């Protein structure tokens, strides 16, 4: 081989057209990792390392006539070569260049691009979930939204959402989406037996938890690891649904990707969990107003530590609550005293600590106004979100009926009351809250009002009598109706009383809603 | 690749999206298998629809179509070969109840890969041998009952005969002891008297 070829910075092999190696330069010797002495006069197929394509040996199956250029990977050397076969007159030149570095660089770049694409897709997904959460108005919708959005993407194999059961540490599956496979079945079984799983830990700590690889991590029960391995799942993230220090539930996100969750994803999905927790919390507070199901509790109390129980027993009187105003700082309670002098009852009540204020509203009718302290039975119920629908006390004790939302923690409410008093839950039932349409409201009111009361109200309203200042005087309205001023005022007052009674939903047999 | 070599060695299909890894497996299996190498799931399915594959070395985590998705597709087809899944982790589970026949963990060393493939060849070989014996018995029963002229037009006979021939060929390439077993099987006189 010529000097300039011998020292060339590229591998050169001189081969005769039948495929027998005639000479190999220094570079080729180094690249192909062969001793040059052993290769001369050997067939090219045994000199050149093996590749899957075996392009070089194939090129010499018949004497090569055309130039051929290929890039191949040689596993035994772990190198990529660019090989060019150039036929000349009676010699074929084979040029070899190591292009491994370029290939490795390309692989790195492809990987980076994939990482960036993945990040972008995740960010879009997360903003998508957050936007959808804003729209969700019930807990079911929140659960479905999260699972569907996360479970049905290319990124993740499946997502499931578990909620903490009220009053316990148990977690129940509420929604799931994607290829849940055998893994979710085993998660459900583990929840049933109370085994320690990543999702339960996220609920206990309020912190997201990453487990990867799922199949080989001892912190996951074997049954789940085995199922996850069979299902081809590699990584999981448990996202707690938190609001302040309250954890409402958890989302388990599973994927076949290896090391799919970084600290960045942990933080981003942590935000999704907080947003979902916030949304769940919002539905809880709306639910009493919006839900058409309520839980009705009937409590029975004989403990005289409660002032109303004590007063009813002491005077052998019957006290029945007509209505409550819970919004004021000290909730106000209006009750009717029967079977005793209201003044005597007021005197007893005024002496107790749990009553903040008290006065007789109507001595003859027996009506009394009581400012309730927070420690009294009714005070406790009101401060825990209950709506007291009826309460009566007599010499044998008191019976209180209270409505609460099914979402509320019943046990907590009952505990809060029975811890302070010797009281018990006598009955509990769920019922549909009656929803009164505006039309029904008008019809019922119309039935209550006499014709005169209704025309007096309508005329006064249309004549701007109720504006401030008045646009029409009582005399002017009375004149329009051809009645006297005092008669008009009588009709207006009776009509307003019925209107308010209907609005505040007082019962027909209630003393305050009776009268003309 | 010349046709006569494919009849003497088990046919293996290597599937891995990393060309360097797939090619390395392919070279390791040279000499014990006739190896096809592809770099994605769809190409693997294409090969399977063109030829009978005995053994498959399937990378689990490939972009686009994963090994698990390929496996799912195989369940929809009548693939009767063995599947060895190549995974990134080693949880140390036995393969009972798993959707594949065995698994290897990356990085896979030369001896392991040859041993696992050899093992799966033997298992498949005996399974196909059993199927061959049962098909061949049926064929012989028909041979005894239907004369040669009518057999040529006998669809059921032709179908069984072709199937038996294919099973025999595959069993032969999969297990070394198959010639002996086949000779023993042939030596039994089933026609009586």
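Residues that are within 14 Å of chain B (Cβ to nearest Cβ) and free of Cβ contacts under 8 Å to residues at least 12 places away in the same chain: list the helices (runs of 4 or more DSSP H) wholly contained in the stretch A:175-236 that include at least 2 such residues.
Per the criteria, A:222-231.
Filter the stretch B:43-72 down to residues that are more than 14 Å from chain A (Cβ to nearest Cβ) and touching a helix residue (DSSP H, G or I) at 6+ places or on another chain (Cβ under 9 Å), then give me how many there are.
Looking only at that region, the number is 9.
Among the residues of the stretch A:47-62, write down those that are on the phi < 0 side of the Ramachandran plot and either exposed (fewer than 14 other Cβ atoms within 10 Å of the Cβ) or within 14 Å of another protein chain (Cβ to nearest Cβ) (or both).
A:48, A:49, A:50, A:51, A:52, A:53, A:55, A:57, A:58, A:61, A:62
Scan the stretch A:29-83 for residues that are part of a loop (DSSP other than H, G, I, E, B) and within 27 Å of residue B:18 (Cβ to Cβ) and report the count.
Number satisfying all stated conditions: 13.
Can you find even one residue in the stretch A:254-266 that is away from chain B (no Cβ under 11 Å) and in a strand (DSSP E or B)?
yes
May I ask you to list the residues in the stretch B:81-94 that are in contact (Cβ under 8 Å) with a residue 24 or more places away in the chain and either assigned to a helix (DSSP H, G or I) or surrounded by fewer than 17 Cβ atoms within 10 Å (Cβ to Cβ) (or both)?
B:88
Residue by residue, here is whether (1) under 19 Å from the mean Cα position of the chain (by Cα); (2) outside the structural domain of residue B:15 (by TED's automatic domain parsing) holds:
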| position | (1), (2) |
| --- | --- |
| B:60 | no, no |
| B:72 | yes, no |
| B:87 | no, no |
| B:107 | no, no |
| B:114 | yes, no |
| B:134 | yes, yes |
| B:149 | no, yes |
| B:157 | no, yes |
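Out of all the residues in the stretch B:71-80, which are crowded, with 16+ Cβ neighbours inside 10 Å and closer than 15 Å to residue A:231 by Cβ?
Within the stretch B:71-80, B:71 is the sole residue that qualifies.
Quick check on my filter: what residues within the stretch A:171-201 are touching a strand residue (DSSP E or B) at 6+ places or on another chain (Cβ under 7 Å) and more than 22 Å from residue A:229 (Cβ to Cβ)?
A:171, A:172, A:174, A:175
Does residue B:166 fit the bill of being under 24 Å from the mean Cα position of the chain (by Cα), modelled with pLDDT of 85 or more, within 24 Å of residue B:33 (Cβ to Cβ) and assigned to a helix (DSSP H, G or I)?
Judged against the criteria, residue B:166 is a match.
Can we say residue A:101 is under 17 Å from residue A:15 (Cβ atoms), exposed (fewer than 11 other Cβ atoms within 10 Å of the Cβ) and out of contact with any helix residue (DSSP H, G or I) (no Cβ under 9 Å at 6 or more places or on another chain)? Explain how you work it out, then say what you get.
Values: under 17 Å from residue A:15 (Cβ atoms): no; exposed (fewer than 11 other Cβ atoms within 10 Å of the Cβ): yes; out of contact with any helix residue (DSSP H, G or I) (no Cβ under 9 Å at 6 or more places or on another chain): yes.
No.
Sort through A:163, A:140 and tell me the only one that's under 15 Å from residue A:252 (Cα atoms) and touching a residue at least 24 places away in the same chain (Cβ under 8 Å).
Only one candidate qualifies: A:163.
Can you pull out every residue in the stretch B:93-105 that is touching a helix residue (DSSP H, G or I) at 6+ places or on another chain (Cβ under 8 Å) and farther than 19 Å from residue B:59 by Cβ?
Residue satisfying the conditions is B:97 alone.
The values are calculated or read from the model by the stated rules, or taken from the named source; none is laboratory data. Model, not experiment: these values are computed from the prediction. Virtual Cβ from ideal backbone geometry, glycine too; neighbours counted across all protein chains shown.
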